[in-house]
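Visitor: Quick one: the structure is below, questions incoming.
The values are calculated or read from the model by the stated rules, or taken from the named source; none is laboratory data. These numbers were taken from a predicted model, which means no experiment stands behind them. Every residue, glycine as well, gets a Cβ built from its backbone with ideal geometry; the counts of neighbours run over all protein chains shown. To get the accessible areas, we keep the full protein, side chains included, count just its heavy atoms, and leave off ligands, DNA and RNA. Shrake-Rupley method; radii C 1.70, N 1.55, O 1.52, S 1.80 Å.
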Amino acid sequence: MKKFLYIFLGTFYTSKVLADQPKEWQLGFQNPASDGMRDIVNFHNNLLLPIIIAISVFVLFLMIYACVRFRASKNPNPSTTTHNVTVEILWTLIPCLILIVMAVPSFKILYSQDTIPKADVTIKAVGYQWYWGYEYPDENIIFDSYMIETKDLKEGQPRLLAVDNEVIVPVNKVVKVLITANDVLHAWALPSFGVKRDAVPGRINETWFKADKEGTYYGQCSELCGIKHAFMPITVKVVSNEEYQKWLSEAKLKFAKEIIEEEKYKKIASK
Ligand SMILES: [Cu+2]
């Protein structure tokens, strides 16, 4: 009973009760952390859901009405009418109009996701069987991100979602994500940012987000990619700009992709 009460309350207090990762007995979306996701949630809650409910209630009413009104005992000689032009025009036109009403805002959101503003940070996510590899192409940083096994989890780390090396991005900055794969199809998806793109070998897909709340956000590979598909989560940590700069300077040493030119020359000179 308690659980149902939580669900009931949860539907009214989603933004307060739910955080940035899936919760037990969760209904609806995760808490949005970007304008992109806020658009999606609004579109779903304020337009799609009312339309879906209205159609379901209307169809249910028609079915019950037909069952009662035209039952055999009340209506022993059924009508032989097969066509009614007015009704046929209506049941073609009205669904068309409903689709148009849904399509306009839907395309608006799709286009806003597709137009990438000038990026402050670019990251590249590469799907492997079965983990994610990340690169910061402008910062000479490269690292792999593996899921933490259940037995190695620390306090507060969610099972099947926490990783050893998190993606770190600054808050309120446009982050462009280049997405590709090395072996089979994967998909880089992060519900709180409203981001989901296929990772296709030999091809680079792009998406973007601007996280407006600091915190840790969890996503998962969202394209069935093999036996350990469920074990290649995505963790993005949104931090303040200062913290990001601090992390960058550490990561440049820890995860250096190649020796920077300058250092190369220094080595050559010292020989
Ligand atoms: Cu995958």
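Visitor: State, to one decimal in nm², a quarter of the convex hull surface area for the C-alpha atoms of the stretch 74-145, i.e. the direction-averaged projected area. Show your work: numbers first, answer last.
Guide: Working: hull surface 48.2 nm².
If I average the Cα hull's projected area over directions, I get 12.1 nm².
Visitor: Expressed in whole Å with the largest first, what are the equivalent ellipsoid semi-axes of the stretch 105-201 derived from the C-alpha gyration tensor as the square root of 5 times each eigenvalue? Mind showing how you got there, number by number?
Guide: Working: eigenvalues 119, 51, 48 Å².
They are 24, 16, 16 Å, listed from largest to smallest.
Visitor: With a sphere of radius 11 Å drawn around the Cβ of Ser192, what net charge do the other residues whose Cβ falls strictly inside it have (Lys, Arg +1; Asp, Glu -1)?
Guide: On the way: positive: Arg38, Lys213; negative: Asp20, Asp212.
Surrounding charge for Ser192 is 0.
Visitor: Another question about this same structure. May I ask you to derive the FRET efficiency for Glu206 and Leu62 from their Cβ-Cβ distance with R0 = 45 Å, giving the value to the nearest 0.05? Intermediate values should be presented prior to the final figure.
Guide: On the way: r = 46 Å, r/R0 = 1.02.
With a Förster radius of 45 Å, E is 0.45.
Visitor: For Val87 and Ala230, compute 0.36 nm times the residue count separating them, minus their Cα-Cα distance, and round to one decimal in nm. Please list the in-between numbers first.
Guide: Working: separation 143, 0.36 × 143 = 51.48 nm, distance 4.86 nm.
Contour length minus Cα-Cα distance gives 46.6 nm.
Visitor: Here's something else I'd like to know. Taking the stretch 91-175, which trypsin sites (Lys or Arg not before Pro) meet the DSSP loop condition and have no more than 12 other C-beta atoms within 10 Å?
Guide: Numbers: sites: Lys108, Lys118, Lys124, Lys151, Lys154, Arg159, Lys173; in loops: Lys118, Lys154, Arg159, Lys173.
Filter output for the stretch 91-175: Lys118, Lys154, Arg159.
Visitor: Could you pull out every whole DSSP H run in the chain that spans at least 27 Å of Cα extent along its own axis and averages 0.5 or higher on the Kyte-Doolittle scale?
Guide: Details: long enough: 49-69 (29 Å, 2.47); 85-114 (42 Å, 1.48).
Once both thresholds are applied, what remains is 49-69, 85-114.
Visitor: How many Å² of accessible area per residue for the chain, probe 1.4 Å? Write out the running numbers ahead of the final one.
Guide: Values: 17760 Å² over 271 residues.
Per-residue value: 66 Å².
Visitor: So, one more: Enumerate by residue number the GluC sites (Glu not before Pro) in the stretch 202-262 meeting two conditions: DSSP loop (anything except H, G, I, E, B), and at most 12 other Cβ atoms within 10 Å of the site's Cβ.
Guide: Working: sites: Glu206, Glu214, Glu223, Glu242, Glu243, Glu250, Glu258, Glu261, Glu262; in loops: Glu214, Glu223, Glu258.
Answer by residue number: Glu258.
Visitor: Greater than 18 Å separation of Cα atoms is the criterion. Which listed pairs, Lys210/Lys254; Lys176/Lys237; Lys176/Lys196, meet it?
Guide: Values: Lys210/Lys254 26 Å; Lys176/Lys237 15 Å; Lys176/Lys196 13 Å.
As for pairs spanning more than 18 Å Cα to Cα, those are Lys210/Lys254.
Visitor: Next question, about the same structure. Accessible area of the stretch 110-246 with a 1.4 Å probe: how many percent of it is carbon plus sulfur?
Guide: Numbers: 3140 of 6570 Å².
Carbon and sulfur together cover 48 percent of it.
Visitor: Shifting gears a bit: Residues in the stretch 214-247 near a label at Asn140, defined as backbone nitrogen under 20 Å from the 7 Å Cα→Cβ point?
Guide: The answer is 244-247, whose backbone nitrogens lie closer than 20 Å to the label point.
Visitor: Could you tell me the extents of the stretch 173-248's C-alpha atoms along the three principal axes, largest first, rounded to whole Å?
Guide: Computed over the stretch 173-248, the largest-to-smallest principal extents equal 38, 23, 22 Å.
Visitor: Moving to a separate point now. Quick one: what does P(r) look like for the stretch 22-103 with 5 Å bins over all Cα pairs, in whole %?
Guide: 3, 10, 12, 15, 15, 12, 9, 8, 6, 5, 3, 1, 0
Visitor: Using only the Cα atoms of the chain, what do you get for the radius of gyration and for Dmax, in Å?
Guide: 25.6, 105
Visitor: Here is a further query. I'd like the GluC sites (Glu not before Pro) in the stretch 58-157 restricted to DSSP loop residues with at most 15 other Cβ atoms within 10 Å, sorted by number.
Guide: Working: sites: Glu88, Glu135, Glu139, Glu149, Glu155; in loops: Glu139, Glu149, Glu155.
Here the GluC sites (Glu not before Pro) that fit, given the DSSP loop and packing criteria, are Glu149, Glu155.
Visitor: I would also like to ask the following. Under the √(5λ) rule applied to the eigenvalues of the Cα gyration tensor, what semi-axes describe the equivalent ellipsoid of the stretch 120-271? Give them in Å, descending. Don't skip to the end; give the middle numbers.
Guide: Numbers: eigenvalues 136, 70, 55 Å².
So the three semi-axes of the stretch 120-271 are 26, 19, 17 Å.
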